[in-house]
Number of protein chains: 2
Amino acid sequence: MMPTDRLSATFSALADPTRRAILARLALGETSVSELAMPFKMSGPAVSKHLKVLEHAGLIARSRAAQWRPCRLEAAALKPIDDWLGEYRRLWEERLDRLDDYLKTLQAKGGKRERKK
Amino acid sequence: MMPTDRLSATFSALADPTRRAILARLALGETSVSELAMPFKMSGPAVSKHLKVLEHAGLIARSRAAQWRPCRLEAAALKPIDDWLGEYRRLWEERLDRLDDYLKTLQAKGGKRERKK
């Protein structure tokens, strides 16, 4: 069952290591389905199913011009995920900063203890 | 069925608008499950199911100390997604830049034509 809203469809399409590997391959340049299938030891229909999910999410496009119908990455479809993450980036950065401060405090205390000996 | 690799589990957990709304609420501060459930007109078990998916992905944590077991956001669990996106950011930025250049070329041509009249 494919999600109906675009952001959910994109997240769902990325929730599979084979589909992410397909995108990584397409980041190097467009290619045919049979060439895409090669490293995965997968049947043609299995690869086609993954491509359909990626296509539904707008993450890849397939040319109708050439007979071999090459697939290409549509990286811009990842931008909405980046925008969504933006809201949370500040939160985890603050958290990592606090952890960093805490570790520095611990080190400073450790240093003082060393000097007291 | 929950995915087994961490990155897939995180993407899968985010592939639902209700779960993303829960995260947005928790970004404002920790809260109880019953308070979380309120705006969603959902049953307790339905909310618990969503929370379980988010917890499995490490996106939220539930305190065992307090009796009301508050939920809190673990924003740092989103960082691996940000890191994964990093590989593709260059690609969509290049693409947007090219589109921008193309539009400028079109405008420049249009301007020339205007001046010729």
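The values are calculated or read from the model by the stated rules, or taken from the named source; none is laboratory data. Source: prediction; values computed, not measured. Heads up, the Cβs are rebuilt from the backbone with ideal geometry, glycines too, and the neighbour counts pull from every protein chain shown.
Remarks
- If only residues of the stretch B:68-92 that are more than 15 Å from the chain's Cα centre (by Cα) and at the interface with chain A (Cβ under 9 Å from one of its Cβ atoms) are counted, the one that is modelled with the highest pLDDT is B:Y88.
- Long-range neighbours under 9 Å by Cβ, at least six apart or interchain, first residue within 19 Å of A:L99 (Cβ to Cβ) and surrounded by fewer than 17 Cβ atoms within 10 Å (Cβ to Cβ) within the stretch B:59-85, second modelled with pLDDT under 95 and among the polar types (S, T, N, Q): B:R72/B:T31; B:R72/B:S63
- Here is the figure for the stretch A:15-48: residues that are within 11 Å of chain B (Cβ to nearest Cβ), surrounded by 15 or more Cβ atoms within 10 Å (Cβ to Cβ) and either aromatic (F, W, Y) or free of Cβ contacts under 8 Å to residues at least 12 places away in the same chain (or both) total 2.
- Counted as qualifying within the stretch A:9-68 are the helices (runs of 4 or more DSSP H) with 3 or more residues that are touching a His at 6+ places or on another chain (Cβ under 8 Å), namely A:17-26.
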